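Worksheet: the structure to be examined is printed underneath.
The values are calculated or read from the model by the stated rules, or taken from the named source; none is laboratory data. Not measured: the values here are computed from a predicted model. Backbone-built Cβ (ideal geometry, glycine too); neighbour counts: all protein chains shown. Heads up: the accessible areas ignore ligands, DNA and RNA and are worked out on the full protein's heavy atoms, side chains in. Shrake-Rupley method; radii C 1.70, N 1.55, O 1.52, S 1.80 Å.
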Amino acid sequence: MPLPLGFTDSPAELLRVGTGFHLTAEPTNAAPGFSGKKADGAAALAARAPVLAQLQEQLFAESRYGGQKSLLLVLQAMDTAGKGGIVAHVVGSVDPQGVRLTAFKAPTEEEKAHDFLWRIGPAVPGPGIFGVFDRSHYEDVLIHRVHGWADPAELERRYAAINAFETQLAAAGTRVVKVMLNISADEQKRRLLARLEDPTKYWKYSPKDVDERVFWPDYMDAYQKAFERTGTAAAPWHVVPADKKWYARLAVQEILIEALASLNLQWPAGDFDVRHERARLKST
């Protein structure tokens, strides 16, 4: 599939976490593989939206005739990094009837009584569905590592469980796309301050976000460990620079387009005789 205007390289390839990757060395304010500016990025996002929408429609259409393929986008990030913007401006460009969004919050008491993946399984997208996890099972190896809520042995068990879970998903026909939006601490501070300056944004602000900033290096280390332990051929990680919202949206859109294109989706031929149905319809 040709790259959109402005891209010199595939963001899916450029941003995939590989051997020797170090999160703290990655730029957060760059636009890898894209030669244009903000306005060019906005134009490219709009131009590629119909491509993503068609692929998602083909995914959904195939399932109506027995297709078993699906897509799962796992979004992880520090607060204010732009997960909501990805959902609104990228996922929001496709038909909502084929989308299932799950935003995992702090587990309930019932959920805590089970293994950490217990609440994740029911949210996995079924055939034809474009699933989105706004935060996910990775919270149980990120925040739990940072705050010491799970010991090293339990964390290793969880990494292994995640790998087995995602490998099983892939084997069943789900394309797993994992994206970490990589924002800088300075940019997060700027965005949090902007929320405090706008009464219409107060609802987005949480004092806990400031509390967690103290642990920034620990979170970066926890993400690095997660990449190292759970980046697999079946479910690789992509780290997307997120200080520029426009680039993050464009890059994630392109990663999703490439992921769906790799499924070799086809329009169903139907289970009826087209000529007969045309003649029958004309006679009514």
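Given axes a ≥ b ≥ c from the Cα gyration tensor, I'd like to know whether the chain is rounded (a/c under 1.5), prolate (a/b larger than b/c) or oblate. Here the chain falls in the prolate category.
Expressed to the nearest 5 percent, the antiparallel share of DSSP beta bridges inside the range 62-205 is 0 percent. Residues of the range 82-113 with an amide N closer than 14 Å to a point placed 7 Å from the Cα of Leu281 along the Cα-to-Cβ direction: none. Determine which aspartates and glutamates satisfy two conditions relative to Lys245: a Cα distance under 18 Å, and not lying fewer than 8 residues away in the same chain. Partners found: Glu26, Asp40, Asp79, Asp134, Asp186, Glu187, Glu254.
For each pair in Lys83/Lys189; Lys69/Lys225; Lys178/Lys244, compute the distance between the two Cα atoms and list the pairs where it is over 26 Å. Table pairs above 26 Å Cα-Cα are Lys69/Lys225. Computed from phi, the 3J(HN,Hα) profile of the range 58-67 under the Karplus parametrisation 6.51, -1.76, 1.60 (θ = phi - 60°) reads 5, 4, 5, 5, 4, 5, 6, 10, x, x Hz, with x in place of Gly and Pro. Here the extension length gained between Thr167 and Asp95 equals 23.2 nm, from 0.36 nm per residue of separation less the Cα-Cα distance. Take the Cα of Ala88, go 7 Å toward its beta carbon, and the backbone nitrogen atoms of the range 170-196 under 14 Å from that spot belong to 195. Each stretch of four or more DSSP H residues adds -39500 (n - 2.57); spread over every residue of the chain, this sum gives -14000 deg cm²/dmol at 222 nm.
On the accessible surface of the range 193-284, probed at 1.4 Å, how many percent belong to carbon and sulfur atoms?
Solvent-exposed carbon and sulfur of the range 193-284 make up 55 percent of the total.
Ranked from largest, the principal axis spans of the Cα set of the range 31-95 equal 42, 28, 20 Å.
Contact order for the range 2-70, expressed relative to its length and based on alpha carbon pairs under 8 Å spaced 6+ residues apart, stands at 35 percent.
Using a simple spin-label model with pseudo-atoms 7 Å out from Cα toward Cβ, Ser10 and Ala53 lie 2.6 nm apart.
Each peptide in 231-237, 52-58 was scored by the mean count of other Cβ atoms within 10 Å over its residues; highest first, the order is 52-58, 231-237.
Calculated FRET efficiency, Tyr159 to Asp198, Cβ-Cβ distance, R0 = 35 Å: about 0.30 to the nearest 0.05. Residues in the chain average 50 Å² of solvent-accessible surface per residue, probe 1.4 Å, ligands and nucleic acids excluded. Across q = 0.11, 0.12 Å⁻¹, the range 49-207 modelled as identical point scatterers on its alpha-carbon atoms has Debye log10 I(q)/I(0) values of -0.54, -0.63, in the order of the q list.
Taking amide H atoms as placed 1.01 Å from N in the peptide plane, the amide H of Lys69 lies under 5 Å from those of Gly128, each 5 or more residues away in sequence or on another chain. Derived scalar couplings between HN and Hα for the range 235-243 equal 8, x, 8, 10, 10, 10, x, 10, 5 Hz in order, rounded to whole Hz, by the Karplus curve 6.51 cos²θ - 1.76 cosθ + 1.60 (θ = phi - 60°), x for Gly and Pro. Whole-Hz Karplus values for the range 136-147 come out as 6, 4, 6, 4, 7, 10, 9, 5, 5, 6, 4, 9 Hz, taken residue by residue from phi with 6.51 cos²θ - 1.76 cosθ + 1.60 and θ = phi - 60°; glycine and proline positions read x.
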